[in-house]
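Inspection log for the structure reproduced underneath, given as structure tokens.
Nothing in this text is a laboratory measurement; each read-out follows from the coordinates by a stated rule. Quick caveat: nothing in here was measured; it's all calculated off a predicted structure. Using ideal geometry, Cβ is built from the backbone for each residue, glycine included, and neighbour counts are taken over all protein chains shown.
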């Protein structure tokens, strides 16, 4: 399985909605790609190890909330769904088909 990392394949709903500033969606996109790099580098053997990696990414996304608000946007329903889909796709791509999406994003503050 390959992750479609272009704007049409990852976070498409956010990129296509002017409510979300493109430069901030780009930051989210980078966090997700960095998560892939971490998975490839760390080679987690268990869900707990995968979750540890995604918790770090979720913390970085948490840190973007203020920036979204400063630009008249928020990480809200559409964004939450898009981010969850992206994390699910990443987990699946690396063979973690049984990863729980809620657990992948358990440390979210949005």
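Tell me which residues, restricted to segment 84-110, are surrounded by 14 or more Cβ atoms within 10 Å (Cβ to Cβ), within 19 Å of residue 14 (Cα to Cα), touching a helix residue (DSSP H, G or I) at 6+ places or on another chain (Cβ under 7 Å) and touching a residue at least 40 places away in the same chain (Cβ under 8 Å). Those that are surrounded by 14 or more Cβ atoms within 10 Å (Cβ to Cβ), within 19 Å of residue 14 (Cα to Cα), touching a helix residue (DSSP H, G or I) at 6+ places or on another chain (Cβ under 7 Å) and touching a residue at least 40 places away in the same chain (Cβ under 8 Å): 86, 87, 90, 105, 108, 110. If you filter segment 47-73 down to residues that are surrounded by 15 or more Cβ atoms within 10 Å (Cβ to Cβ) and closer than 11 Å to residue 24 by Cα, you find that the one that is farthest from the chain's Cα centre (by Cα) is 73.
Listed by first and then second residue, the pairs linking a residue in segment 64-78 that is in contact (Cβ under 8 Å) with a residue 60 or more places away in the chain to a residue that is surrounded by 15 or more Cβ atoms within 10 Å (Cβ to Cβ) and in a loop (DSSP other than H, G, I, E, B), with Cβ atoms under 8 Å apart and 6 or more places separating them unless they lie on different chains, are 78/20.
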